[in-house]
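Student: First the structure, which I've put down as structure tokens, then a few questions once you've had a look.
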Amino acid sequence: MTPAEIAPKDRLIVALDLPSVDAAEAIINRLGDSVTFYKIGYRLAYAGGLPLVGKLADKGKKVFLDLKLHDIGNTVMQGVESISRLGATFLTVHAYPQTMKGAVEGRGNSSLKILAVTVLTSYNEDDLHAAGYRLGVSELVEARAQQAQVLGIDGLVSSPEEAGALRKIVGHQMHLVTPGIRPAGSATGDQKRIMTPGRAIAAGADYLVVGRPIVEAADPKAVADAIQAEIAQALGA
Ligand SMILES: O=c1ccn([C@@H]2O[C@H](COP(=O)(O)O)[C@@H](O)[C@H]2O)c(=O)[nH]1
């Protein structure tokens, strides 16, 4: 399936940033058939959440393992080889050349897709400068996207603010996955490069990652449904 063929409903990825498997399963049950794609990150993975990958896959859901790996190339390669047997659809690594090369080797011919995290959406120019980077946000995102493409990475994680520029660089060959999504009026939290769901899709994002605005809502299903309606409207579906 090319990115353009993804159904509107399947473009929402709900981040299960929850403290336990029980808490995650409660949200999954409340969301029911509305949501088809879930993200498991540090919080849940280190709270016993990895077996949820297979359980969700058995229920026909897709899983994005957001482990943001970064190590020497050989260790990344071996780790990704193990992760490729868990049944996840996406796995993140940081967009450093040795790391990306190791990840592509590790996923081999498996169905796991590797996403490279370009610049975290909680970072702005000042944060990059404080971390010792010489390039600004857009320059670094674009440089990393070019390296990722050459190394055979399957997709990129960035803010939707960079989606338009990334499309021009990578065309439709790579998945563009964007956190930093905030429905109008919702709290920004620690995110700095944000967009509404509709604007993110219009900017060229394939998938939107949404955590707190859904999992901390009084009615998570109502928020997820509203985001999916906004996605469908932006796609003209
Ligand atoms: O650049 C990045 C990469 C990953 N994330 C992850 O996405 C979700 C966003 O959650 P919200 O609650 O909607 O802010 C979270 O799991 C992050 O680890 C990101 O935000 N930015």
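Rule-based calculations on the coordinates, nothing more; no lab input. Treat the numbers as computed from the prediction; the structure is a model and nothing was measured. Because the Cβ atoms are built from the backbone with ideal geometry, glycine has one as well, and the counts that use them run over all protein chains shown.
Student: Any residue that is in a helix (DSSP H, G or I), among the β-branched types (V, I, T) and within 16 Å of the chain's Cα centre (by Cα) - is there at least one of those in the stretch 84-102?
Tutor: There is no residue in the stretch 84-102 that is in a helix (DSSP H, G or I), among the β-branched types (V, I, T) and within 16 Å of the chain's Cα centre (by Cα).
Student: Among what's in the stretch 89-131 and is hydrophobic (A, V, I, L, M, F, W, C) and more than 16 Å from the ligand (Cβ to nearest atom), pick the residue that is surrounded by the fewest Cβ atoms within 10 Å (Cβ to Cβ).
Tutor: First pass over the stretch 89-131, keeping only residues hydrophobic (A, V, I, L, M, F, W, C): 90-91, 93, 95, 100, 103-104, 112, 114-117, 119-120, 128, 130-131.
Within this subset, residues satisfying the condition of being more than 16 Å from the ligand (Cβ to nearest atom) are 104, 112, 130.
Values: V104: 20, L112: 22, A130: 9.
Result: A130.
Student: Can I ask one more? With respect to P179, is the statement that it is more than 10 Å from the ligand (Cβ to nearest atom), within 23 Å of Q228 (Cβ to Cβ) and surrounded by 17 or more Cβ atoms within 10 Å (Cβ to Cβ) true?
Tutor: Details: more than 10 Å from the ligand (Cβ to nearest atom): no; within 23 Å of Q228 (Cβ to Cβ): yes; surrounded by 17 or more Cβ atoms within 10 Å (Cβ to Cβ): yes.
For P179, the condition - more than 10 Å from the ligand (Cβ to nearest atom), within 23 Å of Q228 (Cβ to Cβ) and surrounded by 17 or more Cβ atoms within 10 Å (Cβ to Cβ) - is not met.
Student: Would you please name the residue that is surrounded by the most Cβ atoms within 10 Å (Cβ to Cβ), looking only at residues in the stretch 15-39 that are within 15 Å of the ligand (Cβ to nearest atom) and of a type in the set (V, I, T)?
Tutor: Only one residue fits best here, namely V35.
Student: Looking at the stretch 26-46, which of its residues are under 20 Å from the mean Cα position of the chain (by Cα) and part of a helix (DSSP H, G or I)? Full working, then the answer.
Tutor: Taking the stretch 26-46 and keeping what is under 20 Å from the mean Cα position of the chain (by Cα), we get 27-28, 31, 34-46.
Within the stretch 26-46, I27, I28, L31, S34, Y42, R43, L44, A45, Y46 qualify.
Student: May I pose another question? Looking at the structure I just gave you, is D190 more than 16 Å from I13 (Cα to Cα), surrounded by fewer than 22 Cβ atoms within 10 Å (Cβ to Cβ) and more than 10 Å from the ligand (Cβ to nearest atom)? Steps first, answer last, please.
Tutor: Details: more than 16 Å from I13 (Cα to Cα): yes; surrounded by fewer than 22 Cβ atoms within 10 Å (Cβ to Cβ): yes; more than 10 Å from the ligand (Cβ to nearest atom): no.
For D190, the condition - more than 16 Å from I13 (Cα to Cα), surrounded by fewer than 22 Cβ atoms within 10 Å (Cβ to Cβ) and more than 10 Å from the ligand (Cβ to nearest atom) - is not met.
Student: Within the stretch 1-36, which residues are in contact with a His (Cβ under 9 Å, 6 or more places away or on another chain) and polar (S, T, N, Q)?
Tutor: Of everything in the stretch 1-36, just one residue is in contact with a His (Cβ under 9 Å, 6 or more places away or on another chain) and polar (S, T, N, Q), namely T2.
Student: Of everything in the stretch 155-176 that's among the hydrophobic types (A, V, I, L, M, F, W, C) and more than 11 Å from the ligand (Cβ to nearest atom), which residue is surrounded by the most Cβ atoms within 10 Å (Cβ to Cβ)?
Tutor: Only one residue fits best here, namely L166.
Student: Right, another one. Out of all the residues in the stretch 103-118, which are under 14 Å from the mean Cα position of the chain (by Cα), touching a residue at least 40 places away in the same chain (Cβ under 8 Å) and not in a strand (DSSP E or B)?
Tutor: Result: T118, single match.
Student: Could you list, in sequence order, all residues of the stretch 132-153 that are more than 16 Å from the ligand (Cβ to nearest atom) and touching a strand residue (DSSP E or B) at 6+ places or on another chain (Cβ under 6 Å)?
Tutor: none
Student: Now a separate question. Which of the numbered conditions does V141 fail, given that it passes all the others? Conditions: (1) in contact (Cβ under 8 Å) with a residue 24 or more places away in the chain; (2) farther than 22 Å from M195 by Cβ.
Tutor: In the conditions (1) in contact (Cβ under 8 Å) with a residue 24 or more places away in the chain; (2) farther than 22 Å from M195 by Cβ, V141 misses (2) alone.
Student: Does the stretch 209-222 hold any residues that are more than 9 Å from the ligand (Cβ to nearest atom) and touching a strand residue (DSSP E or B) at 6+ places or on another chain (Cβ under 9 Å), and which are they?
Tutor: P220
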